[in-house]
Amino acid sequence: MVHGGEAFHDAVAIDESVVAAVEACIPLAPLHNPANLEGIRAARALLPDLPQVAVFDTAFHSRMPRRSQVYAIDREVSTKYGIRRFGFHGTSHAFVAGLAAEAMEADLRDLRIVTLHLGNGASACAVEFGTSSETSMGMTPLEGLVMGTRSGDLDPGVVLKLARELGIDATEELLNRSSGLKGISGIGNDLRDLQAQAEEGHDGARLAITVFAHQVRKYIGAYAAVMGGLDAVVLTGGIGQNSAAMRRRILQRLEFLGIRVDEDRNQDVAVTDDDPVAEISAPNSRVRTFVIDTNEELEIARQSAAVVAGAKKVEAKPPIPIAVSARHIHLHREALEALFGEGYELTPYKDLSQPGQFACEEKLNLIGPRNRIEGVRILGPLRSACQVEISRTDEFFLGVDAPVRHSGKVEGSAPITLEGPKGTYHLEEGLICAWRHIHMTTADAEIYGVKDKEYVEVAIKGGPRDLIFGDVLVRVKDSYALEMHIDTDEANAAELGRASLGDLVDAEVYIAPEVGEAVIQSKR
Ligand code: AMP
């Protein structure tokens, strides 16, 4: 299936709801989805007992960063009409990137690859450390490279002008079916015909070939910049696999990026299903260039078999909720009574997500050498040692230098004076800046492939200030609820919403995935 819209991130077994959702995506891919649906209907009528699976061409790009998804138009409008970039040819880009990594004997998660699917439809993809971070097709497969009959990138003003002159339907028809190689050449969409005519001196054919190559080269440069580097370029699709002349045009004058092609190798390429990878880079080329026979059918068959077998496709680990800990205080009985009076009991205000833990009505003031902080909430129940957890920013304000510590490790930590309604209580030690950590159960630990007391990296994705936290301590106990705890400074650095005690922040977080699906960070 070409277009899964917002609805699909993975292959799915087809039922009525899937058919309806794909129908709803027809306006996004008018050339493809209706044909795909015809196929589904025909197969269902003829083979009613056969399970069917939809594999979406948009899925590989579904975790592109927001900056690659957004069109710079009014956000209310784009939200209302579902206008965003999706990307296509995902099955092919993912497949050939995987084969390139294999050929390089490297881990896909260590590589920055530009994959170029150049067929009748054409698109480029920045495969950055295993995931698609940018691709040239957008909300529809019309954007980006010059294609057989599709225009690719245009000034939106051109579309408006055409719509005024020709009407909407004729414009859509023009841009989808009589533009691209066909439109420029006036001959047709098959590069072989154009190459033959160009040799005869046909100006339109020559121009179409030049514009096609120019546009692809532009994207290679852009994607190297987007990824901040480049390790490999892969060409595939009917044109990418078969036209040595087009490959040469595209890849010439890219030495400054480290791309050097061996023209003999380029001319000799003959890739097949059985022998799908040919390298065409010169031996001294820093960036390696491959021609790869894409095999979307094989990839689709693999994914379908997995869905039918009930096996889960390799998935990103589920997101981890984040709780932002505002500054807070844990007390022992002696301190409680000194601050609130003899026999005093804490008043629960609300339960926290960790079982048995609660925020209290009671608050205290912190008195530091430089300043004081009023109204710091106490957390229950009482503990055997007092502990005050504040952020680095609070430390500067109070004028103390507290160590970054694991909860409970207060020996040798900083002093602080607490002030309550019945008096003050001085702690010689107990003031810490809490070490960021994740609470999880044994079952969670298995899902994430981590162990108690291990340190991991956690990537915050999908927000305006994406960030990777290193040195995150894993704490495993079956009584815990899955949750990452960070302080307000850390939350602010990642733009994770306003901190309030125990509030869960709705953010996409992935931890140390084993397989290059969502985020790339490895365990330390
Ligand atoms: P695809 O959509 O990937 O099947 O690619 C089809 C397109 O590849 C055709 O329309 C041609 O433009 C192009 N193509 C296929 N074979 C060759 C070839 N030997 N030389 C040049 N272009 C080719």
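Only one residue in Thr140, Thr210 is polar (S, T, N, Q), more than 11 Å from the ligand (Cβ to nearest atom) and assigned to a helix (DSSP H, G or I), so which one is that?
Among Thr140, Thr210, only Thr210 is polar (S, T, N, Q), more than 11 Å from the ligand (Cβ to nearest atom) and assigned to a helix (DSSP H, G or I).
Report, by residue number, each residue of the range 167-191 that is outside any loop (DSSP other than H, G, I, E, B), surrounded by fewer than 21 Cβ atoms within 10 Å (Cβ to Cβ) and among the hydroxyl-bearing types (Ser, Thr, Tyr).
Thr171, the sole residue that qualifies.
If you take the residues in the range 234-285 that are part of a loop (DSSP other than H, G, I, E, B), β-branched (Val, Ile, Thr) and away from the ligand (no atom under 11 Å from the Cβ), which one is farthest from Arg206 (Cα to Cα)?
The residue in question is Thr272.
Just to verify a result, which residue in the range 194-207, among those that are loosely packed, with under 15 Cβ neighbours inside 10 Å and on the phi < 0 side of the Ramachandran plot, is farthest from the ligand (Cβ to nearest atom)? Spell out the reasoning first.
If we filter the range 194-207 for residues that are loosely packed, with under 15 Cβ neighbours inside 10 Å, which is where we start, we get 196, 199-201, 203.
Now drop any that are not on the phi < 0 side of the Ramachandran plot, which leaves 196, 199-200, 203.
Values: Ala196: 10, Glu199: 13, Glu200: 16, Asp203: 19 Å.
Within the range 194-207, the match that is farthest from the ligand (Cβ to nearest atom) is Asp203.
Pairs please, first residue from the range 471-483 and of a type in the set (Lys, Arg), second anywhere and assigned to a strand (DSSP E or B) and modelled with pLDDT of 85 or more, Cβ atoms under 6 Å, 6+ apart in sequence or on different chains.
Arg475/His437; Arg475/His439
Go over the candidates Leu145, Leu111 one by one and state the one that is in contact with a helix residue (DSSP H, G or I) (Cβ under 8 Å, 6 or more places away or on another chain) and more than 18 Å from Ile250 (Cβ to Cβ). Write out each step before concluding.
On the way: Leu145 fails: more than 18 Å from Ile250 (Cβ to Cβ).
Answer to the selection: Leu111.
Against the conditions (1) acidic (Asp, Glu); (2) surrounded by 17 or more Cβ atoms within 10 Å (Cβ to Cβ); (3) more than 26 Å from His32 (Cβ to Cβ), where does Glu255 fall short? Just the number, please.
It is condition (2) that Glu255 fails.
If you check every pair at least six apart or on different chains, which have Cβ atoms under 6 Å apart with a residue in the range 176-190 that is within 11 Å of the ligand (Cβ to nearest atom) first and a residue that is among the β-branched types (Val, Ile, Thr) and outside any helix (DSSP H, G or I) second?
Matching pairs, first to second residue: Gly180/Val146; Gly180/Thr149; Lys182/Thr149; Asn189/Thr149.
So which residues in the range 386-406 are in contact (Cβ under 8 Å) with a residue 40 or more places away in the chain, surrounded by fewer than 20 Cβ atoms within 10 Å (Cβ to Cβ) and in a helix (DSSP H, G or I), if there are any at all?
If the condition is that a residue be in contact (Cβ under 8 Å) with a residue 40 or more places away in the chain, surrounded by fewer than 20 Cβ atoms within 10 Å (Cβ to Cβ) and in a helix (DSSP H, G or I), then Arg392, Thr393 are the ones that fit.
Among the residues of the range 213-230, write down those that are of a type outside the set (S, T, N, Q) and within 16 Å of the ligand (Cβ to nearest atom).
Ala213, Val216
Scan the range 25-43 for residues that are at pLDDT 85 or above and out of contact with any helix residue (DSSP H, G or I) (no Cβ under 9 Å at 6 or more places or on another chain) and jot them down.
Result: Ala35, Glu38, Gly39, Ala42, Ala43.
For the range 95-136, give me the residue count where each residue is crowded, with 20+ Cβ neighbours inside 10 Å, more than 16 Å from the ligand (Cβ to nearest atom) and small (Gly, Ala, Ser).
7
Do we have Val291 as within 19 Å of Ala124 (Cβ to Cβ), more than 16 Å from the ligand (Cβ to nearest atom) and not aromatic (Phe, Trp, Tyr) here?
no
Between residues in the range 285-301 that are farther than 13 Å from Ala94 by Cα and residues that are assigned to a strand (DSSP E or B) and within 15 Å of the ligand (Cβ to nearest atom), which pairs lie under 7 Å by C-beta distance while being six or more apart or on different chains?
Phe290/Val234; Phe290/Ala278; Val291/Leu235; Val291/Ala278
Kindly provide the set of residues from the range 146-175 that are of a type in the set (Lys, Arg) and either touching a Gly at 6+ places or on another chain (Cβ under 9 Å) or within 16 Å of the ligand (Cβ to nearest atom) (or both), ordered by number.
Selection gives Arg150 alone.
Condition first: over 44 Å from the mean Cα position of the chain (by Cα), under 18 Å from Gly430 (Cβ atoms) and surrounded by 12 or more Cβ atoms within 10 Å (Cβ to Cβ). Now tell me which residues in the range 334-366 satisfy that.
Listed by number, the residues that qualify are Ala335, Leu336, Glu337, Ala338, Leu339, Phe340, Leu346.
Are there any pairs, at least 6 apart or on different chains, whose C-beta atoms fall under 8 Å, with the first in the range 79-104 and more than 17 Å from Asp293 (Cβ to Cβ) and the second β-branched (Val, Ile, Thr) and in a helix (DSSP H, G or I), and if so, which?
Between residues of the range 79-104 that are more than 17 Å from Asp293 (Cβ to Cβ) and residues that are β-branched (Val, Ile, Thr) and in a helix (DSSP H, G or I), the close pairs are Ile83/Val77.
So that you can scan it fast, the table gives a plain yes or no per residue for (1) under 21 Å from Glu296 (Cβ atoms); (2) over 20 Å from the mean Cα position of the chain (by Cα); (3) β-branched (Val, Ile, Thr):
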{"site": "Leu207", "(1), (2), (3)": "no, yes, no"}
{"site": "Val216", "(1), (2), (3)": "yes, yes, yes"}
{"site": "Gly221", "(1), (2), (3)": "no, yes, no"}
{"site": "Val226", "(1), (2), (3)": "no, no, yes"}
{"site": "Leu230", "(1), (2), (3)": "no, no, no"}
{"site": "Leu235", "(1), (2), (3)": "yes, yes, no"}
{"site": "Gly238", "(1), (2), (3)": "yes, yes, no"}
{"site": "Gln241", "(1), (2), (3)": "yes, yes, no"}
{"site": "Ala245", "(1), (2), (3)": "no, yes, no"}
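Go over the candidates Thr488, Thr442, Thr417 one by one and state the one that is more than 30 Å from Glu134 (Cα to Cα), of a type in the set (Ser, Thr, Tyr) and exposed (fewer than 14 other Cβ atoms within 10 Å of the Cβ).
Thr442
Does Gly221 satisfy the condition of being surrounded by fewer than 18 Cβ atoms within 10 Å (Cβ to Cβ), in contact (Cβ under 8 Å) with a residue 12 or more places away in the chain and assigned to a helix (DSSP H, G or I)?
Taking the combined requirement at face value, the residue satisfies it.
The values are calculated or read from the model by the stated rules, or taken from the named source; none is laboratory data. Since the structure is predicted, the reported quantities are computational estimates derived from the model, not experimental observations. For neighbour counting, all protein chains shown are included, and Cβ atoms are generated from backbone atoms with ideal geometry for every residue, glycine included.
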